[in-house]
Amino acid sequence: MKVSLIVAISKDNVIGKGGLIPWFIPRDLQHFKEITLNHPIIMGRVTFESIGRLLPNRYSIIISSKSKFHRVSDNQPIQLDNESSSSSPSSNNSNSNTTNTTASYKIVNSVESAYTFARDELRADQVFIIGGKRIYESFQSIANELIITYVDINVLDQPQQQLDNNNNSTPATVSKHDDITFYNPFESENERQKWSITKEKQFKKDENNLVDFKIVYYNK
């Protein structure tokens with residue numbers, strides 16, 4: 001099973017602010033949708049609560065000790081259809097369901113359980129790791145592919161109002177959060193040398209995508 005990490009990173013290695021992404025790039029979101037569609041995606045609880053819903057036509061494997069979730073944006077409960085029939089064999093320490101939105105999900109309690117479920121139960125040929133930091137770090141050693149969107153901003157240097165504009169949200173939504181999440185997939189030169197660039201594409205900012213960015217594919 002191919003393991004692909006997909007992440008967007010600022011110039012100062014920021015991937016999140018207050019559980020949200022501190023920029024709004026529709027073209028990158030479209031790219032994410034196109035390549036993850038019809039594949040399982042593995043994420044942690046905070047990432048799922050940041051997204052705020054199950055993504056259609058993808059199997060969401062959520063690593064969490066909890067079974068109830070709340071959206072980061074408004075702290076409202078995320079509704080999961082727990083009454084629907086199981087879409088795969090269940091185990092004693094996880095929940096698995098199919099919802100009426102063509103999105104399926106399973107809650108597991110460890111990175112190992114998430115990987116094993118995707119490989120053995122779903123028999124996936126490829127799985128995408130979509131965050132957050134701890135999940136990326138846990139999977140990077142076994143990943144075959146990195147798909148990195150490099151966002152051309154320094155989040156720590158950005159005025160809060162500019163971050164709000166980049167995120168296409170109201171100041172009240174973002175500015176109440178102060179915590180920053182950093183992730184650097186190449187913290188050492190030794191790690192960097194394991195990976196080779198296979199594809200790269202540059203995008204200039206426009207009226208819909210408010211920052212320059214590039215998408216780079218790496219294999220090892």
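The values are calculated or read from the model by the stated rules, or taken from the named source; none is laboratory data. Note that the structure is a prediction, hence the values are computed from the model and not measured. So basically every Cβ, Gly included, is an ideal-geometry build from the backbone, and we count neighbours across all protein chains shown.
Hey, does segment 187-197 have a residue that's in a strand (DSSP E or B), more than 28 Å from GLY18 (Cα to Cα) and not assigned by TED's automatic domain parsing to the domain that holds VAL46?
The answer is yes; a qualifying residue exists.
I'd like to verify a number: residues in segment 100-134 that are within 13 Å of the chain's Cα centre (by Cα) and under 20 Å from HIS31 (Cβ atoms), how many?
Residues meeting the conditions: 6.
Determine whether ILE78 is in contact (Cβ under 8 Å) with a residue 24 or more places away in the chain and closer than 20 Å to SER113 by Cβ.
no
Hey, could you check segment 204-220 for residues that are hydrophobic (A, V, I, L, M, F, W, C) and under 19 Å from the mean Cα position of the chain (by Cα) and say which is surrounded by the most Cβ atoms within 10 Å (Cβ to Cβ)?
This residue is PHE213.
Tell me which residues, restricted to segment 133-161, are assigned to a helix (DSSP H, G or I) and modelled with pLDDT of 95 or more.
LYS133, ARG134, ILE135, TYR136, GLU137, SER138, PHE139, GLN140, SER141, ILE142
Of the residues that make up segment 102-124, is at least one at pLDDT below 95 and either among the small types (Gly, Ala, Ser) or touching a strand residue (DSSP E or B) at 6+ places or on another chain (Cβ under 9 Å) (or both)?
Yes, segment 102-124 contains at least one residue that is at pLDDT below 95 and either among the small types (Gly, Ala, Ser) or touching a strand residue (DSSP E or B) at 6+ places or on another chain (Cβ under 9 Å) (or both).
Considering segment 138-153 alone, what residues qualify as being acidic (Asp, Glu) and more than 15 Å from the chain's Cα centre (by Cα)?
ASP152 - this is the single residue of segment 138-153 that is acidic (Asp, Glu) and more than 15 Å from the chain's Cα centre (by Cα).
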